[in-house]
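Take a look at the structure below.
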Amino acid sequence: MNPEVAALYARIPKINCRQKCQSYCGPVVQLGAYTEAERPEVESALRDAHIPQPAQLSTSCAALDQDGRCTIYASRPAICRLWGVAEGMAPCPHGCEPERILTKAEANEVLKALEAIAGPGAFISARELLRGR
């Protein structure tokens, strides 16, 4: 993983995931070109998962295996890392507690820095979620 990306991900609090939130994992279609989808482990997992084209999108994430486990959890994209730990996004309905809650300002700083690496528009959907649309 790119060291800059790793440092940005390290700013996102960890959450003790109980692996029960698969029904909340939607399709990850807006990934930053360099930081997210082009990381070899993510690119491979998503390619193997046969990510659909926008017209064919399902409501679940293609990175989930048949048992509902995330196949790319260790290298998951920023939107997945922010869920349940960032102010303005839904808390985990299964009681998974983050180390701390990331403020909207902190989350936006991370997203802006990732976008500076990935290119414009890569993290718009994540910022919309933080704003509550």
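The values are calculated or read from the model by the stated rules, or taken from the named source; none is laboratory data. Predicted model only: the values in this text are computed from it and were never measured. Here Cβ is always computed from backbone atoms with ideal geometry, including for glycine, and neighbour counts include all displayed protein chains.
Side notes on the structure shown:
- For the range 53-67, a residue qualifies if it is assigned to a loop (DSSP other than H, G, I, E, B) and either modelled with pLDDT of 85 or more or farther than 15 Å from Cys21 by Cβ (or both), and the qualifying residues are Gln53, Leu57, Ser58, Ala62, Asp65, Gln66, Asp67.
- Residues of the range 77-110 classified as surrounded by fewer than 13 Cβ atoms within 10 Å (Cβ to Cβ) and not in a loop (DSSP other than H, G, I, E, B), total: 1
- Which numbered condition Met89 fails, given (1) at pLDDT 85 or above; (2) within 15 Å of the chain's Cα centre (by Cα); (3) not hydroxyl-bearing (Ser, Thr, Tyr): (1)
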